[in-house]
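Asker: Have a look at the structure that comes next, please.
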Amino acid sequence: MQDVLNTINGRQVPPAADRWIENIEPATGLKLCRVPDSDAVDVQRAYESAVDAFPGWSGLDGAARGRHLHRLADAVEAELEQLARLESMDNGKPIGLSRSVDIPRAVENLRFFADAAATDRTEVFQTGDRARNLVHRDPIGVVGLISPWNLPLYLFTWKVAPALAAGNTVVAKPSELTPVTAARLGELATKSGLPPGVLNIVHGGGANAGEAIVRHEGIPAISFTGGTATGARISSQAGPLFKKLSLELGGKNPNILFDDADLESALATSLRSSFANQGQICLCGSRILVHDSIHDRVVQAIADGARGLRIGDPLDEHTQQGSLVSADHRDKVHACVERARADGGQVLCGGRFATGLPARCEGGFFYEPTVITGLGMEAEANREEIFGPVVTITSFETEEQAVAMANATNYGLSATIWTSSDDRANRIADQIDAGTVWINCWLLRDLRVPFGGVKHSGVGREGGEEAMHFFTEAKTVCTAQGTTT
Ligand code: NDP
């Protein structure tokens, strides 16, 4: 594979200092390509090109910006198969997932905000007969976007699309671990006629390129998705500069099963919500809380299901579990499992590196889907995000206990409740600290609804109008009417 390049001013360029990072294919452990190890000089060049492009781009009417985004969506859609393959090679996720979720959702993000761009957002507030207030929403300027490796193009476009739709120009950094599809997006943007400088993509590590974006005094807004510790660091740097900040961070989401649930669908979805994308989704239900009376049945079904998942080459159509994103991450996940064992947890299945893979994948970073029982809510495995194919199962006796256990972490991203009682579902949903509560479903997303977390899972909301509000500044123009004093 060719080296990944930065996209600056509509051109593919190497990093100014000619420093590079090796990009490893996680399923093989072998070098895939090189990635720019960009620094503040590259970010400055990207920034200057974004500044130059801003008057033209923000001066277009929303419908025209929307047409540009639709053309970019067309270009991504036309390459869906190639992009899905690149995503799987770069991240280790099964090709079936890239093809059915990651790349289609990237197209959907672009189209959703392309349509949103065309909507006039001016609001009118009439103050009796004394005044009329017009609230305009103006683009902010050059905005900084930083995204993680778990859903690379999906989350990258989830930021790029609203930022551009609102009339901003962009300096964006994907994760250095999974830069390939974002780099291709940069090429497609140029090819599809997006004006040069509107979308600049700078690759590199968080400490170099990432911090250079966060600290840049000309970039007044940062939208970040990633780990909670990184979010705290970004917040401490951007806060004193009075930047607008959107932080989408980690999760330790409870998945609560009551004894009146439709167990067949609860179990099928719980298997998916535990292990989809190798458990590397911020919304994974990594803590199953189950009513005492169905505990043994649920434990057996989830453990059997986990053992039955097909681990294999991400490029194989039949693979259900690919590799973790890196050797470091696999080792981190394994260390978490070892600490859970030391805390008294019973590892019912998994808990080790996967073996028996095809020859091409012998050096890859595969980990067996792991089910742990016997831990209290105070255990680290029930409090801290592992972000791998590891789920804990714990029983409760009463609704009150279920709610207390669900809320017993610093995170508050999402929760799932399985019950056939509407009353119970709504009662519990009201009490759970989370930005999203799913009842009898999981990961059912409507792009119009606010998305984000509470507590240490983040600050602010993405999606729909929330994103358009984040990427604009409201300006109120109050005009007096009649006699004034
Ligand atoms: P990280 O926080 O390590 O990295 C996220 C991004 O931030 C990467 O592009 C990274 O660059 C960059 N970065 C790292 N350090 C800095 C810094 N000091 N300044 C600026 N940028 C920096 O997260 P991961 O990539 O490991 O992603 C996994 C995490 O993301 C999990 O905690 C997961 O829960 C969370 N997440 C949250 C979601 C949500 O919507 N709430 C959705 C998806 C994931 P590089 O990788 O190049 O070092």
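Asker: Any chance you could give the angle, 0 to 90 degrees and rounded to 10, that helix 228-238 forms with the longest Cα principal axis of the chain?
Answerer: Relative to the chain, helix 228-238 is tipped by roughly 20 degrees.
Asker: Rounding to the nearest 10 and keeping the result within 0 to 90°, find how far the Cα-based axis of helix 152-165 lies from the longest principal axis of the chain.
Answerer: Value to nearest ten degrees: 30.
Asker: Can you check what the net charge comes to around Val299, using other residues whose Cβ is under 13 Å from the Cβ of Val299 (Lys, Arg +1; Asp, Glu -1)? Intermediate values should be presented prior to the final figure.
Answerer: Numbers: positive: Arg297, Arg307; negative: Asp292, Asp296, Asp304.
Around Val299, the surrounding residues sum to -1.
Asker: First measure r as the distance between the Cβ atoms of Asp52 and Asn410, then evaluate 1/(1 + (r/R0)^6) with R0 = 56 Å and state the FRET efficiency to the nearest 0.05. Walk me through the numbers before you get to the answer.
Answerer: Working: r = 43 Å, r/R0 = 0.76.
Computed FRET efficiency for Asp52 and Asn410 comes out at 0.85.
Asker: Relative contact order for the range 277-403 using alpha-carbon pairs under 8 Å, separation at least 6, rounded to a whole percent? Don't skip to the answer; put the middle values down first.
Answerer: On the way: 210 pairs, mean separation 44.0, N = 127.
That works out to 35 percent.
Asker: Right, next: Place a +1 charge on the Cβ of each Lys and Arg in the range 254-439 and a -1 charge on the Cβ of each Asp and Glu, then give the dipole magnitude about the Cα centre in debye, rounded to the nearest 20.
Answerer: Numbers: 14 positive and 27 negative charges, 122 e Å.
The calculation lands at about 580 debye.
Asker: Stokes-Einstein at 4 °C, 1.567 mPa s, Kirkwood radius from Cα pairs: D for the range 254-439 in µm² s⁻¹? Write out the running numbers ahead of the final one.
Answerer: Working: Rh = 16.6 Å.
It comes out at roughly 78 µm²/s.
Asker: Arranged from highest to lowest average of other beta-carbon atoms within 10 Å per residue, in what order do the peptides 358-366, 222-230 appear? Can you show the working numbers first?
Answerer: Working: 358-366: 18.6, 222-230: 21.3.
Ranked from most to least packed, the peptides come out as 222-230, 358-366.
Asker: At a temperature of 37 °C and a viscosity of 0.692 mPa s, determine how fast the chain diffuses translationally according to Stokes-Einstein, using the Kirkwood radius over alpha-carbon pairs as Rh; express D in µm²/s, rounded to the nearest whole number.
Answerer: Details: Rh = 23.3 Å.
The Stokes-Einstein estimate is 141 µm²/s.
Asker: Over the range 254-439, what percent of the accessible surface lies on carbon and sulfur atoms, probe 1.4 Å? All intermediate terms of the calculation are to be shown ahead of the outcome.
Answerer: On the way: 3210 of 7300 Å².
After summing per-atom areas, the C and S share lands at 44 percent.
Asker: Can you give the angle from 0 to 90° between the axis of helix 180-191 and the longest principal axis of the chain, with both taken from C-alpha atoms, to the nearest 10?
Answerer: 30
Asker: Next question, about the same structure. By the scheme Lys and Arg +1, Asp and Glu -1, what is the net charge of all other residues having a beta-carbon under 11 Å from that of Phe258? Can you show the working numbers first?
Answerer: On the way: positive: Arg424; negative: Asp259, Asp260, Asp262, Asp292, Glu399.
Spelling it out: positives minus negatives among the neighbours equals -4.
Asker: Can you give the charge dipole size of the chain about its Cα centre, rounded to the nearest 20 debye, using +1 on the beta carbon of Lys and Arg and -1 on the beta carbon of Asp and Glu? All intermediate terms of the calculation are to be shown ahead of the outcome.
Answerer: Numbers: 45 positive and 60 negative charges, 205 e Å.
Using Cβ point charges on Lys, Arg, Asp and Glu, the chain gives about 980 debye.
Asker: Shifting gears a bit: Order of 194-200, 329-335 by packing, highest average Cβ count within 10 Å first?
Answerer: Working: 194-200: 24.0, 329-335: 17.9.
The peptides rank, most packed first, as 194-200, 329-335.
Asker: Looking at the range 254-439, send over the antiparallel percent of its DSSP beta bridges, to the nearest 5. Walk me through the intermediate numbers first.
Answerer: Working: 4 of 25 bridges.
For the range 254-439, the DSSP antiparallel bridge percentage is about 15.
Asker: Quick check on the range 100-161: what are the equivalent-ellipsoid semi-axes from the Cα gyration tensor, as sqrt(5λ), descending, whole Å?
Answerer: Working: eigenvalues 246, 38, 14 Å².
Semi-axes (√(5λ), whole Å): 35, 14, 8.
Asker: Can you flag which of Lys252/Lys332; Lys173/Lys243; Lys93/Lys244; Lys31/Lys252; Lys159/Lys244; Lys243/Lys332 are past 25 Å Cα-Cα?
Answerer: Details: Lys252/Lys332 16 Å; Lys173/Lys243 17 Å; Lys93/Lys244 33 Å; Lys31/Lys252 32 Å; Lys159/Lys244 14 Å; Lys243/Lys332 32 Å.
Over 25 Å Cα-Cα: Lys93/Lys244; Lys31/Lys252; Lys243/Lys332.
Asker: Continuing with the same structure: State the dimensionless ratio Rg/Rh of the range 170-292 (Rg: radius of gyration of Cα atoms; Rh: Kirkwood radius).
Answerer: Working: Rg = 19.4 Å, Rh = 17.4 Å.
Using Cα coordinates only, the ratio equals 1.12.
Asker: Here's a follow-up. So what is the accessible area of the range 296-409 per residue, in Å², with the probe set to 1.4 Å? Display every interim value, and only then the final one.
Answerer: Working: 4920 Å² over 114 residues.
Per-residue value: 43 Å².
Asker: Whole-Å semi-axes of the range 230-298's equivalent ellipsoid, largest first, each the root of 5 times a Cα gyration tensor eigenvalue?
Answerer: Numbers: eigenvalues 268, 28, 16 Å².
One finds semi-axes of 37, 12, 9 Å for the range 230-298.
Asker: For a quick check: with amide H placed at 1.01 Å from N, whose amide H comes under 5 Å from Asn23's, ignoring anything fewer than 5 positions away on the same chain?
Answerer: Result for Asn23 returns Leu32, Cys33, Arg34, Val35.
Asker: For Asp61 and Thr398, what is the calculated FRET efficiency with R₀ set at 56 Å and r taken between the beta-carbons, to the nearest 0.05? Don't skip to the answer; put the middle values down first.
Answerer: Values: r = 57 Å, r/R0 = 1.02.
That gives a FRET efficiency of 0.45.
Asker: To continue, here is another question. List, in order, the whole-Hz ³J(HN,Hα) value for each residue of the range 348-353 obtained from phi through the Karplus relation with A = 6.51, B = -1.76, C = 1.60 and θ = phi - 60°; use x for Gly and Pro.
Answerer: After applying 6.51 cos²θ - 1.76 cosθ + 1.60, I find 7, 7, x, x, 7, 5 Hz.
Asker: For a quick check: with amide H placed at 1.01 Å from N, whose amide H comes under 5 Å from Val290's, ignoring anything fewer than 5 positions away on the same chain?
Answerer: Placed amide hydrogens put Leu257, Thr394, Ser395, Phe396 under 5 Å from Val290.
Asker: Looking at Ser420, Ile294, Phe353, which one has the Cα that reaches farthest to the positive end of the dipole of the range 254-439 (charges on Cβ: Lys, Arg +1; Asp, Glu -1)?
Answerer: The listed residue farthest towards the positive side: Phe353.
Asker: Highest mean first, what order results for 150-160, 81-91 on Cβ atoms within 10 Å? Before the final figure, lay out each step's value.
Answerer: Values: 150-160: 27.3, 81-91: 23.5.
Per-residue Cβ counts within 10 Å, averaged per peptide and sorted highest first, yield 150-160, 81-91.
Asker: Can you give me the % of accessible surface on the range 19-156 that is carbon or sulfur? Probe 1.4 Å, all protein chains present, nothing else counted.
Answerer: Numbers: 2920 of 5520 Å².
C and S fraction of accessible area: 53 percent.
Asker: Can you check what the net charge comes to around Val449, using other residues whose Cβ is under 12 Å from the Cβ of Val449 (Lys, Arg +1; Asp, Glu -1)? Walk me through the intermediate numbers first.
Answerer: Details: positive: Arg445, Arg448, Arg461; negative: Asp446, Glu462, Glu465, Glu466.
Taking every Cβ under 12 Å from that of Val449, the sum is -1.
Asker: Further question: Compute the FRET efficiency between Lys475 and Asp120 as 1/(1 + (r/R0)^6), taking r as their Cβ-Cβ distance and R0 = 22 Å, and round to the nearest 0.05. Mind showing how you got there, number by number?
Answerer: Details: r = 14 Å, r/R0 = 0.66.
Plugging the Cβ-Cβ distance into 1/(1 + (r/R0)^6) gives 0.90.
Asker: Taking the Cα centre of the range 27-170 as origin, sum charge times position over the Cβ atoms of Lys and Arg (+1) and Asp and Glu (-1), and report the length of that vector in debye to the nearest 20.
Answerer: Working: 16 positive and 19 negative charges, 41 e Å.
It comes to approximately 200 debye.
Asker: Pop a pseudo-label 7 angstrom from the Cα along the beta-carbon direction at both Lys191 and Arg424 and give the gap in nm to one decimal.
Answerer: Rounded to a tenth, the inter-label distance reads 5.3 nm.
Asker: What Kirkwood radius, in Å to one decimal, follows from the Cα pairs of the range 142-201? Walk me through the numbers before you get to the answer.
Answerer: Working: mean 1/r = 0.0880 Å⁻¹.
Taking the inverse mean of 1/r over all distinct Cα pairs, the range 142-201 comes out at 11.4 Å.
Asker: Also, I was wondering about something else. Over the chain, what is the mean sequence separation of C-alpha contacts under 8 Å (at least six apart), divided by residue count, expressed as relative contact order in percent?
Answerer: Numbers: 1168 pairs, mean separation 91.4, N = 485.
With pairs under 8 Å counted, the relative contact order is 19 percent.
Asker: Something else: The range 105-170 to the range 356-412: how many Å between their Cα centroids?
Answerer: The range 105-170 and the range 356-412 have Cα centres separated by 35 Å.
The values are calculated or read from the model by the stated rules, or taken from the named source; none is laboratory data. Predicted model only: the values in this text are computed from it and were never measured. Cβ sites come from the backbone with ideal geometry, for glycine too, and all protein chains shown count toward neighbours. Each accessible area value is taken on the protein alone, full model and side chains, heavy atoms only, with ligands, DNA and RNA left out. Shrake-Rupley method; radii C 1.70, N 1.55, O 1.52, S 1.80 Å.
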